[in-house]
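Chemist: Below: one structure in structure tokens.
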Amino acid sequence: MKLRTTVLTALLLMLPAIRAVADDDPESYHIRAITFTGDTIEGYLRFNLKTGLKNMFSKSGTIHQYIHVADSPEKGSESQRYSASQVREYRYLEPTEDFPEGAVVVSERINSPVPFKPNSNVRGFAEELDRRDCGSILKWNVWESTGGRNSVSRIVPAIGVKFKGARAAYGIKINGRVSLALLLNYLKKAHPEFRQKLIDYYMKGDDAKGHWNELKDNPSTILLVYEEFIKDHDPISDPEENKDLKELTEGKKDKKNHTTEEPTPDEPAE
């Protein structure tokens, strides 16, 4: 039973976007990627067991750190694995109702807390739901425990915010429930004044309940709060923000981590 669960988890983690799984049309997983060194890659996301297992056994286990891209949707076409340290972002070329210009997936540092290290983070891929000058709203997966005597861990969606100037993206809505605990813990040192603003706005003010419900319905509203705040205050300025960016843009981190593979024949997504 445990083996079946492990294999199923690996399969679920193979592609960072479920839309590519549900549609038989090859164009639904046709993408164009931009690397940190400025190169453009166009191809088709592909199911690949090795890449799926690398995602599964990565630091977080749920945050995608690798994608597999084929030259064409044809069986036997050459393919290549790319890491979140190589690809800055990629866009689906087929538009959808929610994303008329194509859904975008970005490489970002994402909070992945571990015991005694609540601000631990990893670089991985996350779907971008909104982008503004002051930050972005992202979506990724996390583990969640059901609790109780027969507790079960499961993969659930997380929506988070990456404020411009912040070290990483922090979850604010996990499996449909709003939680600001990790974000507020980070801001305790990163920006105490903005932390207090969020507490007053979402937890203590006269309209706190309404603001909380707004955040639940539309996570982008927290960007508007930050946007208004920095008109009269200094923005977050964490020296750890994008600390690896110089290495990534120069391509040094790729070589160090040996994430590049020679193109190999593979099976197309089915």
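Chemist: Short version: ³J(HN,Hα) in whole Hz for each residue of the range 194-202, in order, from phi by Karplus 6.51 cos²θ - 1.76 cosθ + 1.60 (θ = phi - 60°), x for Gly and Pro, what are they?
Modeler: So the Karplus estimates, Gly and Pro as x, are 6, 4, 5, 4, 5, 4, 5, 6, 9 Hz.
Chemist: Right, another one. Within the set LYS75/LYS173; LYS117/LYS204; LYS75/LYS164, which residue pairs have Cα atoms separated by over 31 Å?
Modeler: Over 31 Å apart, Cα to Cα: LYS75/LYS173; LYS75/LYS164.
Chemist: Between LYS188 and LYS246, what length comes free when the chain is fully extended (0.36 nm per residue of separation minus the Cα-Cα distance, one decimal in nm)?
Modeler: 18.2 nm
Chemist: Can you give me the long-range amide H partners of ILE172? Hydrogens built in the peptide plane at 1.01 Å from N, cutoff under 5 Å, separation of 5 or more residues or another chain.
Modeler: Answer set, sorted by chain and number: ILE159, GLY160, VAL161.
Chemist: To continue, here is another question. If you rank LEU245, LEU215 by how much accessible surface each has, with a 1.4 Å probe, what is the order from largest down?
Modeler: Descending accessible area places them as LEU245, LEU215.
Chemist: Could you rank the peptides 93-101, 154-162 by their average count of other C-beta atoms within 10 Å per residue, with the highest value first?
Modeler: Going from most to least packed, we get 154-162, 93-101.
Chemist: Rounded if a/c is under 1.5, else prolate if a/b is larger than b/c, else oblate: which is the range 111-258, with a ≥ b ≥ c the root eigenvalues of its Cα gyration tensor?
Modeler: oblate
Chemist: For TYR170, TYR201, give me the order by solvent-accessible area with a 1.4 Å probe, most accessible first, ignoring ligands, DNA and RNA.
Modeler: Ranked list, largest accessible area first: TYR201, TYR170.
Chemist: Just to verify a number: FRET efficiency for LYS75 and ARG32, C-beta to C-beta distance, R0 = 35 Å, to 0.05?
Modeler: That gives a FRET efficiency of 0.95.
The values are calculated or read from the model by the stated rules, or taken from the named source; none is laboratory data. Note that this is a predicted model, so its numbers are computed, not measured. Note that we place each Cβ from the backbone using ideal geometry, even for glycine, and neighbour counts take in every protein chain shown. Accessible surface areas use protein heavy atoms only, side chains included; no ligands, DNA or RNA. Shrake-Rupley method; radii C 1.70, N 1.55, O 1.52, S 1.80 Å.
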